[in-house]
1. Can you pull out the helices (runs of 4 or more DSSP H) entirely within the range 1-42 that have at least 1 residues that are of a type in the set (S, T, N, Q), at pLDDT below 90 and crowded, with 18+ Cβ neighbours inside 10 Å?
2. Is it the case that Val373 is within 24 Å of Gly93 (Cβ to Cβ) and over 31 Å from the mean Cα position of the chain (by Cα)?
3. For the subset of the range 366-378 comprising residues that are within 20 Å of Asp335 (Cα to Cα) and of a type in the set (A, V, I, L, M, F, W, C), which member is surrounded by the most Cβ atoms within 10 Å (Cβ to Cβ)?
4. Look through Ala351, Ala303, Ala339, Ala365 and report the one residue that is in contact (Cβ under 8 Å) with a residue 40 or more places away in the chain and of a type outside the set (Lys, Arg).
5. Filter the range 344-365 for residues that are outside any loop (DSSP other than H, G, I, E, B) and crowded, with 17+ Cβ neighbours inside 10 Å and give the result.
6. Could you check Tyr341 against (1) in a helix (DSSP H, G or I); (2) in contact with a Gly (Cβ under 7 Å, 6 or more places away or on another chain) and say which number it fails?
7. Of the conditions (1) β-branched (Val, Ile, Thr); (2) under 19 Å from Pro152 (Cβ atoms); (3) outside any helix (DSSP H, G or I), Thr385 fails just one. Which one is it?
8. Got a sec? Which strands (runs of 3 or more DSSP E) wholly within the range 163-279 have at least 3 residues that are more than 18 Å from the chain's Cα centre (by Cα) and modelled with pLDDT of 50 or more?
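The values are calculated or read from the model by the stated rules, or taken from the named source; none is laboratory data. These figures come from a predicted structure and were not determined experimentally. All Cβ positions, glycine included, derive from the backbone under ideal geometry; neighbour counts span all protein chains shown.
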Amino acid sequence: MVTAAVVAYFFGKEIWDTGAGLVAAALIAIFPGYISRSVDNEAVAIFALLLTFYLFVKAVNTISLGRICFTLLITLSMYILGMLLAMQIRFVGFQHVQSGEHMAVFLLMQVFYFLDWVKYQLNDTNVWLYISPCTGRFYSLLDPTHAKPHIPIIASVSEHQPTAWSSFMFDYHILLFLFPAGLYFCFKRLSDATIFIVMYGLTSLYFAGVMCHSLYFAGVMVRLIFVATPAICLISAIAVSATVKNLTSLLRAKQKVPQTGSSKGPGSSKASSKVTLDQAQPFQKNGAIALLVGVFYLLSRYAIHCTWVTSEAYSSPSIVLAARGAHGNRIIFDDYHEAYYWLTQNSPTDAKVMSWWDYGYQITAMGNRTVIVDNNTWNNTHIATVGRAMSSYEDKA
């Protein structure tokens, strides 16, 4: 969280100004959706994504002809180093060099189709051994209707359900209104950096769920709100910074009225001088003060909203459920923890537990038992068999 906020400051400063960087850092530091994922490795991924985009924009703004070769050398070196570091993470392994999504990042789709041609010529299916096709999640990003008929397992996960409009309001709050204003200021001052952040914001919102499909608004994955967070915060910060800067400059502005005066007196000749009088515009000054108060009031309400959402909705662990009674008293449901403790005490140590994959990690960690499937199981057929057994009649199961 801290590192992401620091990078957001430098990113906003590079795109717009120091004020935008400070506001962006403050917004992303208290954003509920980001805090909810701060216990997962996705928070590290967003930090890396934001850092990569910042370095790219920094390079674009400061690039010179003499630095092109050096930049390419550093980029390739960092890519190789990043791949080697990612390979040290057990569940990542070689996926980032085998999956089609990551290969496309470095424009290796030409190699992909070349191997397709080779496979056609040789009629050898082993050509696909080293480069796997794109996964169902990737296709689901492009077409939200792809998963349900083709990969129902992915479509069954709650985080892969279409994004409801209430989810955007619940997480983004006033940023939903600041984002279009930030786009307006970006288009007023077009540059390579602002064009990049606009494209990042619009594409991330598209994948997060703001898209029109078949005459109704549908989403792809509700969890991708998290991916759109940096762009929304940065563009909203541009709106806040530009608005506050314009209003404060209006408060400091003075209206200069040139006047020519002449005085005649005994013993003196006719003289003329230009006197400049500073007269503030009361109406504009009062309006600017009111708007500034409104901006800071909205930001304070956003901070209060983020604090409430984080403490009430996103802070409870998944195995401990909290609710409010009829009289406002807090009720804690600890059924999951008690069930895992019961499993530890009443099952053999070498028992194999068949449960749905959502509970696999919890049973392994808290129940200390081996499970058939968990959230890291990549064999969809294996998961489907477990689901079919659970949804069948007892004798058939």
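1. By residue number, 32-36.
2. Judged against the criteria, Val373 is not a match.
3. Step by step, filter the range 366-378, then rank; the result is Val371.
4. Result: Ala303 is the single residue among Ala351, Ala303, Ala339, Ala365 that is in contact (Cβ under 8 Å) with a residue 40 or more places away in the chain and of a type outside the set (Lys, Arg).
5. Once the filter is applied, which keeps residues that are outside any loop (DSSP other than H, G, I, E, B) and crowded, with 17+ Cβ neighbours inside 10 Å, the range 344-365 yields Trp357, Tyr359, Gly360, Gln362, Ile363.
6. Tyr341 satisfies all of (1) in a helix (DSSP H, G or I); (2) in contact with a Gly (Cβ under 7 Å, 6 or more places away or on another chain) except (2).
7. Tallying (1) β-branched (Val, Ile, Thr); (2) under 19 Å from Pro152 (Cβ atoms); (3) outside any helix (DSSP H, G or I), Thr385 fails exactly one: (3).
8. Correct list: 255-263.
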